[in-house]
């Protein structure tokens, strides 16, 4: 069964969206979120083509579309550079409390495992997990349910060599972050990017909403106390059933 | 000029969405975000009608729609109660760092002031600001621009008696949170709800996107150090130009 969301290669050949546009969307998110900073060099056509496993023509069209929307500037010999100065700054939060909330969230909801497989990692997952291309990762696609209705679609990647006990049975009974902790890994930090998108046909079907419904997207990389990435997740929530609450208070209270 | 977003009454009579559905959407967000807790009593038809300034029939339809989507249960004599147990838990962050980011964001972007007016507050603004119905508030509708393109649409409410210097000229030169601080108010905390929605016609026109484009919504209430609400904002971002980044780390580092 084909599931919506990220493919291991970062692009999904079954999607109706053209490949170059999928690459454009991902690079755009990296630029507008500030991950790719103003003035930084973009990958070359050749690097993009290899990284995403697409033709150079496809890579070029993605860069052209970025240039067309004034996010990058392409210059002969100099290459492509980011010309968008993202005003977004990270909000800082407590990892202990976030891990506790995520584990409680896992306990409060039901899970359906769509896919569980060991695969060779490719960009952008290799970048997120800071592992070489071709390193083995466990990929898990799941749906979380609440009150007999789907709430979120999740695709998670964990380096295989971490030895986390990921089976259909363990995943059904235990939140994934708990399984990571049970493997002796101490969670130290996480980075999250929160954005809004629309449900495509596959996601709409998985979440039982209309195509084009608003989706709250969370892309999260979890690091251990030594700053080694141990998990990368793309979570896509039905916005009619879920919001993110953020309480800001003084660090000195 | 009519602007998109919240009307002072919480419902907007110019929107194509029926009034009862606008009230339904707001109450749904309060329930799914966990603001209205599982088991808590909902307002009666009479209370809703008075609060939103609509007929009892409209209020009843909003409650009926909530019941239909299994978020509340309506029982004769017992009233309407929340039956949705929100799995969302607040993430905690630092207010000092968030205020600094918001002020820097204001400095990095251009602002266009659409509306600036002193009006009598009505629900849900009175609830957010914890002021009586009819108390005077300053309402400001603005668009933030970046690189000659609209980025976000904001509607802000500030109690008039705080004496914040809100003029078109001060708002053009100074981020609103700086103006609040300049009035001698010490910001102590904030609560934010982040969700996804679609651009309606008015918002699409204001943000120069297609109708139905994905929108990242942030509803924020800012409190002073004595926990008095000093500002309520609904910010709606173009999701192709803005994401929220959240960095989670150990509080003990």
Among the residues of region B:67-79, are any part of a helix (DSSP H, G or I), more than 9 Å from chain A (Cβ to nearest Cβ) and within 19 Å of the chain's Cα centre (by Cα)?
no
Is there a residue in region B:129-141 that is farther than 23 Å from residue B:54 by Cβ and in contact with a helix residue (DSSP H, G or I) (Cβ under 6 Å, 6 or more places away or on another chain)?
yes
Could you list all residues from region A:83-127 that are more than 10 Å from chain B (Cβ to nearest Cβ), in a helix (DSSP H, G or I) and over 17 Å from the mean Cα position of the chain (by Cα)?
A:103
Restricting region A:182-192 to residues that are more than 12 Å from chain B (Cβ to nearest Cβ) and touching a helix residue (DSSP H, G or I) at 6+ places or on another chain (Cβ under 8 Å), the one surrounded by the most Cβ atoms within 10 Å (Cβ to Cβ) turns out to be A:185
Selection from region B:76-107 of residues at pLDDT 85 or above and closer than 25 Å to residue B:38 by Cα yields B:76, B:77, B:78, B:79, B:80, B:81, B:82, B:83, B:84
Among the strands (runs of 3 or more DSSP E) lying completely within region B:193-253, list those that include at least 3 residues that are more than 11 Å from chain A (Cβ to nearest Cβ), farther than 26 Å from residue A:222 by Cα and touching a residue at least 60 places away in the same chain (Cβ under 8 Å).
B:229-238
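The values are calculated or read from the model by the stated rules, or taken from the named source; none is laboratory data. It should be emphasised that the depicted structure is a prediction, and the values quoted were computed from it without experimental measurement. We place every Cβ from the backbone using ideal geometry, glycine too, and count neighbours over all the protein chains shown.
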